[in-house]
Each structure stands twice: as structure tokens, then as C-alpha cells.
Amino acid sequence: MPSLTRVYQLPLRTKYPIIRYGKYREMLPLKLGDKVSGRLDTENQGKVCINELTLMLSCMKQNEFSQDICTAEITAFETCYNSHLKTESKKKADEAKGIIKEAIGGRLPSQHLNSLLKRYPQPKKKS
């Protein structure tokens, strides 16, 4: 009669590895820094009125770059760009006054976060 104990003693061969939770080791201190980088704020800059621009350029390409035929698309692009300039100037004026508004997606810009972190600095650890 075959022995079944050896089969039960083998580790289970599963599709997913067995996770063994160990002791948590702190690699860096768990605290906020004194400033944040502004790399993600520049991600969406310069991407305004793309839809109107593509419509205007496709119309001009179809009509051999004649501005007389594509006046509707050109005026739509100019109004979009002028409204963008107005919102940017208002945003800069608000930043100069110190008014903090949320950016797109509910995130604060890095300049506002840095000003808040300077206002409430982290306590230095005594060693």
C-alpha cells in the first residue's frame, strides 16, 4: 500500500505565492518634507484650444490655406485663445493676492503646497 504521508508533507503548489508578513522596517522617517516638487504642474501647460486649432488647420488644408473660406474656424480659435488668456491673467492675479483655489482634479498646485508647508513647518527631530 502506498504511503500518502509524503504527499501531504509536500508544499502546496498553487498559482499564487504564499505571502508571509514580516516585521515592518522603516526605511525613511514617516514625515512630510518641507517642500514638494513642481514636476506635475507643468504637465498640462500649453495644451489649450487643441480641438479648435485642428479644425482650423484641417479647413485651411482642404481649402489650400485660404483664410477667406475658413473665417468661422479662425474666429472660433481666436475666441477660445482669448478666453484662455483672460482666465490665465485672472489666475495670476489671484495668486498674487494669495487666494488659494483648487486645480483641476482637486489638487493644489505645488506653489500653494510649498507656501502652506512653510507656514506650518515640520518639527525637527532632536537627536
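With the cut-off at 1.5 for a/c, could you classify the range 48-99 from its C-alpha gyration tensor as rounded, prolate or oblate?
prolate
Run the numbers for D94 and N63: contour at 0.36 nm per residue of separation, minus the present Cα-Cα distance, in nm.
Result for the pair: 6.9 nm of gain on full extension.
Here, each number is a calculation from the coordinates, and none is a lab measurement. If you're wondering where the values come from, they're calculated on a predicted model, not measured in any experiment.
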